[in-house]
Each structure stands twice: as C-alpha cells, then as structure tokens.
Amino acid sequence: MKKDSRIYIAGHRGLVGSAIHRELERLGYTNILTRTRAELDLVDTEAVNNFFAQEKPEYVFLAAAKVGGILANNNYPADFIHDNLILQTNIIDASYKNGVDRLLFLGSSCIYPKMAPQPMPESSLLTGPLEPTNRPYALAKIAGIEMCWSYNRQYGTRYLAAMPTNLYGPGDNYDLANSHVLPALIRKTAEAIANNAPTVTVWGTGTPKRELLYSDDLAQACVFLMALEDATYGKLLNEAEPPLINIGTGEDVTIRELAETVARVLGYKGELVFDATKPDGTPRKLMNVDRLHSLGWHHTTSLEEGIRRTWEQVRGSLLQTADSR
C-alpha cells in the first residue's frame with residue numbers, strides 16, 4: 001500500500017472509520033476516498049457500483065455498519081441484519097468487480113459462540129450457539145466473513161476479515177438507548193457528576209468480563225494488516241479456513257472494575273448500584289490475539305489512559321448536555 005494508493009474508507013465518520021482515517025493521514029497517505037451517507041447510501045446497490053466504477057479504489061477498509069448495544073439489538077433486530085447484510089454485500093461485490101487489491105472487512109467479537117473457550121481463538125467461529133441479544137448483527141458479520149472467504153476462493157481476491165474486540169474512543173455513541181457499555185458508563189457518570197447524584201446505576205450484576213481496545217490502537221492494527229508484505233499477507237488467506245484475524249488486547253476486566261475505573265478517571269465520588277434485573281449479556285468475551293501478536297503488532301494504550309483521553313474529548317459536551325436536562 002503506497003502513500004498515493006487510492007484508499008476508500010467505508011464508514012469514515014464512525015468510531016472505527018474515523019480512527020482509520022486519522023491513522024492514514026498521520027502516516028502520510030494522500031489519496032483517501034470518503035463519502036458521507038448523504039453522498040453515498042451504502043444500502044443502494046446501484047449507487048455503490050457507480051461509486052466504485054468511477055473512483056476505482058485499490059484498497060478498501062469496510063468499517064461501515066449499523067451498530068449498537070444490547071438495548072438497540074433487542075429493539076431493532078430486523079434493521080441490524082437487513083442493513084448490515086446489504087451494505088457489506090454491496091461493497092464486497094463492487095470491490096471484486098472493480099479490481100480492488102485488498103479489502104479489510106471489520107467485524108466484531110460477537111461472531112463467536114456465547115460459550116466459546118476463553119480467550120476466543122479464530123477457530124471458535126461457528127462452533128456453538130450465539131449470544132441471543134445480538135444474534136442478528138452477529139449473523140450478518142459471519143456472512144461477511146464467509147463472503148470474503150468465498151470470493152477469495154472463487155475469484156482469487158485478497159479479502160481479510162478482522163474481528164475487533166469491544167471498542168471505545170473519539171466518535172463513540174453516547175446515546176443511552178443504543179450505546180455500548182463503556183460510553184454508556186461514561187455518559188451516566190457524567191450526568192451524575194453534573195447533577196450531584198449520589199448513585200450511578202449499572203446494568204447487570206457487574207460480574208461479566210469485557211476486553212476493551214482504544215479505537216486509535218485498532219486503527220493502527222488495521223493499517224498494519226493492510227500494509228503487510230505480500231508473502232505475509234498471503235499466509236492469512238489460507239483456502240482451508242476463513243481469512244479471519246482477531247484484534248484486541250488479550251486482557252479483560254469485569255463490568256464492576258470497568259465502572260470503578262470510569263468513576264475514578266471522571267472523579268465521581270458516589271456509589272455504584274448494580275441492577276441485576278437487567279441482562280448481563282455474554283459472560284466473557286476475551287479475544288485470543290496470538291495470531292496478530294505473531295505478526296509483530298501489540299496494543300499500546302492502557303484502559304485507564306484510553307478512558308482518560310476519551311473523557312478529555314467529550315467532557316464538555318456531556319456535562320453541558322447533562323446540565324441542560
């Protein structure tokens with residue numbers, strides 16, 4: 001991947017895509033293609049085909065997706081499977097038709113079975129039942145992995161599927177109706193600080209464990225993978241198994257520990273209350289990142305430092321929002 005290669009980031013305004021955009025610019029890549037949703041509806045097959053035919057990207061980061069937490073997945077299951085299936089199919093097929101050299105499909109750790117061995121190796125895919133609360137989203141992402149593998153086998157494409165662990169960082173979603181656990185905790189804690197509330201209520205028992213990766217670290221991993229030398233990259237595309245690689249830290253914390261870390265970083269002195277009537281979700285979701293580590297990449301941002309950086313960026317807006325209620 002040369003500095004002037006034509007690189008398309010699908011979903012460049014989202015948490016993942018914006019981080020990849022920043023990383024490419026930081027490294028001096030000069031020919032980055034982006035389109036907003038208003039400019040290009042990725043669910044519109046004809047529009048996607050026209051865009052690829054006109055712009056002819058050489059490399060594609062497929063970071064666009066409809067995402068959300070437990071509540072959003074429970075409330076909008078049809079939207080999650082419909083939109084994700086169509087947009088990823090459009091981009092993968094258009095990439096093949098227009099000679100894209102490499103494509104990196106971004107999935108999620110939720111593709112693995114609910115009771116997968118911990119930490120979860122890539123070989124856990126399709127070995128057991130999924131977590132029911134996000135099954136539609138997970139199945140869409142599994143279909144994307146299968147599509148990359150199928151196109152590689154049938155057409156000789158070089159598409160890789162990267163499965164990040166739980167992410168957080170600049171550009172995250174803080175809407176309590178459909179956000180993930182860490183931004184939800186930051187939002188709730190910020191509101192408690194603004195309103196001098198004595199308690200913060202956390203969903204579930206606090207015992208499930210989660211692995212969290214700062215979005216800028218993920219972006220560095222994605223660009224690292226896309227820029228691998230041909231021989232090394234080719235070894236990740238074995239016809240006998242899905243072209244799949246985990247991206248994570250290899251470390252996890254309980255939800256209780258996560259909530260306590262958020263409170264400490266934000267300076268909240270009140271009490272954390274755990275509502276056991278709310279769903280816990282998957283008991284543990286720790287990624288096995290041996291394959292990625294063997295290539296020479298490791299994360300560099302600690303959880304506490306990542307939360308601190310995130311809080312510095314959103315503190316003003318979240319506290320202002322809380323004050324205006």
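Any read-out appearing in this document is the output of simple, stated calculations on the displayed coordinates, not a laboratory observation. Predicted, not measured: the structure shown is a model, and the values here were computed from it. Note: ideal-geometry Cβ built from the backbone for every residue, glycine included; neighbour counts use all protein chains shown.
Listing for the model above:
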read-out: Sum of side-chain charges, residue 229 neighbourhood, beta-carbon under 14 Å (Lys, Arg +1; Asp, Glu -1); value: +2
read-out: When the range 89-164 is reduced to its Cα atoms, the Kirkwood hydrodynamic radius in Å; value: 13.1
read-out: The range 65-217: relative contact order as a whole-number percent, Cα under 8 Å and 6+ apart; value: 27
read-out: Whole-Å distance, taken between Cα centres, linking the range 199-278 and the range 1-42; value: 23
read-out: Exposure proxy order (Cβ contacts within 10 Å, fewest to most) of 245, 91; value: 245, 91
read-out: At 0.890 mPa s and 25 °C, Stokes diffusion of the chain via Kirkwood alpha-carbon radius, µm² per second; value: 121
read-out: Helix 303-323 axis, angle to the chain major axis (alpha carbon atoms, nearest 10°); value: 70
read-out: The range 280-325 and the range 43-90: distance between their alpha carbon centers, rounded to Å; value: 24
read-out: Within the chain: Cβ-based charge dipole about Cα centre, in debye rounded to nearest 20 (Lys, Arg +1; Asp, Glu -1); value: 200
read-out: Residue exposure sequence - 80, 61 - by fewest surrounding Cβ within 10 Å; value: 80, 61
read-out: Farthest positive-ward along the range 74-173 dipole, Cα basis, beta-carbon charges - from 106, 150, 130; value: 150
read-out: Those chymotrypsin sites (Phe, Trp or Tyr not before Pro) in the range 265-324 that DSSP places in a loop and that have at most 13 other beta carbons within 10 Å; value: none
read-out: In order through the range 139-148: 3J(HN,Hα) via Karplus (6.51 cos²θ - 1.76 cosθ + 1.60), integer Hz, x for Gly, Pro; value: 5, 4, 5, 4, 4, x, 4, 4, 5, 4
read-out: Surrounding net charge for residue 84, when Lys and Arg each add one and Asp and Glu each subtract one, Cβ distance under 11 Å; value: 0
read-out: Residues with amide H under 5 Å from that of residue 289, placed H, sequence gap 5 or more; value: none
read-out: Placed amide H near residue 213: partners under 5 Å, 5+ positions off or other chain; value: 166, 167, 168
read-out: Prolate/oblate/rounded label for the range 14-72 (Cα gyration tensor, a/c 1.5); value: oblate
read-out: Residue-count net charge about residue 294 - beta-carbon cut-off 14 Å; Lys, Arg +1, Asp, Glu -1; value: 0
read-out: Rel. contact order, % - alpha carbon contacts under 8 angstrom, at least six apart, the chain; value: 20
read-out: Orientation-averaged projected area, Cα convex hull of the range 1-158 (nm²); value: 9.9
read-out: 5 angstrom amide H check on residue 200, placed H, neighbours 5+ away; value: 271, 272, 273
